[in-house]
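Written out below as structure tokens is the structure these notes cover.
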Amino acid sequence: FVLHGVSDEELADELGIIYAGGLRSTPLAATSPASVSASGRWTFYGDLPNPVVAPGSPAQSAYNTYTALRRVDLGGKTVFVNAWFVNWGDEAWEQMRIDHSCVAFPDNPPNTTCMYNGSTWGADPTNSGHALAIDTTGPDPYITIKAHKSWFGGEFGGPEYLPYYVVVDAFPAGPANNMGIPYVPKHEHLGTTSVPLIQWIPPAPLNSTYPPTVADGHNLAGGGPLGGQIGLPSYFMPGEDFNPMWHIGFAHWLMPAEEVVKSLDRVKELRTEGKVEIMEWPAINVNSSDPEVSNGYLFSNPSPPHIVN
């Protein structure tokens, strides 16, 4: 497993991981317990992750209790930790899927030599996934994993950033299976604890059902998960408000794209101007009179249908 972030700043500094203060409000239903011994050995309670879909893999369960979000006593404090599993057995479905179709960096033009989700959509056992190498047999276990760009900033004359992120588990099963990462049913309970990240539909149709494609040439090609421009997180700096649990929406130009959109505030403006729509996937029924809703995407959604850690 990888220790990624913790809800306490002092512990984050001590452990050398990300301070994710936004995890403090995580609903208990979205977590599972863990403990740490005096010698530093971790024990995780509940299920192992759902099988990552591969030939011959067992069925997945909507009642699986695995989650990377753990409540644990550390340093005399009860905190939430993001501790995601990389490998939990010897079978092909007991680890994050390795994408063997990734052949070279830099991936330029994007989505050519090392595509976001791999060269084949779905549960392809060799040509889709987010891990590039996993070694748990040596004295220093490691994972090599794809890092993805996103745009953030430019608001109020501030600087623009190109933060990078990794993809480690998801809800619901469909996107998790396509991305080769664990499907985590407990993410259903995250509610408004999760924070928005808007991805983009590509300019040309995908040979895939995730998400339903609205591609008619209006959009820009790029390094996003579907071949559109890169995503727009609501916040990315480790700190008091940072939360790694993203509520994913999909944006689509309603006219030929006029610009590369580099901030969440800007995509909201374009939505208000009627130039861009934002969709939930899977689609849900929402109150269309809500000022935050555009074509189904609710920024403060009490039941977000798609979550990515």
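The values are calculated or read from the model by the stated rules, or taken from the named source; none is laboratory data. Because the structure is a prediction, the values reported are computed rather than measured. Glycine also receives a Cβ, built like all others from the backbone with ideal geometry; neighbour counts cover every protein chain displayed. Accessible surface is based on the protein model in full, side chains and every heavy atom, while ligands, DNA and RNA are left aside. Shrake-Rupley method; radii C 1.70, N 1.55, O 1.52, S 1.80 Å.
Values computed for the structure shown
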{"quantity": "Within region 33-60, tally of residues that are surrounded by 14 or more Cβ atoms within 10 Å (Cβ to Cβ) and in a loop (DSSP other than H, G, I, E, B)", "calculated": "11"}
{"quantity": "Subset of region 73-88 that is modelled with pLDDT of 95 or more and hydrophobic (A, V, I, L, M, F, W, C) - its residue that is nearest to residue 144 (Cα to Cα)", "calculated": "86"}
{"quantity": "Verdict on residue 303 being modelled with pLDDT of 90 or more, hydroxyl-bearing (Ser, Thr, Tyr) and open to solvent by less than 40 Å² (accessible area, probe 1.4 Å)", "calculated": "no"}
{"quantity": "Among the residues listed as 105, 85, 152, the single one being touching a strand residue (DSSP E or B) at 6+ places or on another chain (Cβ under 7 Å) and of a type in the set (Phe, Trp, Tyr)", "calculated": "152"}
{"quantity": "Number of positions in region 121-155 that are in a strand (DSSP E or B), surrounded by 15 or more Cβ atoms within 10 Å (Cβ to Cβ) and among the aliphatic types (A, V, I, L, M)", "calculated": "5"}
{"quantity": "Matching option when the condition is modelled with pLDDT of 95 or more and out of contact with any Phe, Trp or Tyr (no Cβ under 6 Å at 6 or more places or on another chain), among 197, 254, 226, 190", "calculated": "190"}
{"quantity": "Residue in region 275-293 that is at pLDDT 90 or above and within 30 Å of residue 16 (Cβ to Cβ) present", "calculated": "no"}
{"quantity": "Condition broken by residue 100, with the remaining ones in (1) in contact (Cβ under 8 Å) with a residue 60 or more places away in the chain; (2) out of contact with any strand residue (DSSP E or B) (no Cβ under 6 Å at 6 or more places or on another chain) satisfied", "calculated": "(1)"}
{"quantity": "Residues (of a type in the set (A, V, I, L, M) and under 28 Å from residue 121 (Cβ atoms)) located in region 54-78", "calculated": "54, 59, 62, 68, 69"}
{"quantity": "Region 239-256 residues that are within 16 Å of residue 152 (Cβ to Cβ), paired with ones that are among the basic types (Lys, Arg) and outside any strand (DSSP E or B) (beta carbon under 9 Å, 6 or more apart)", "calculated": "251/271"}
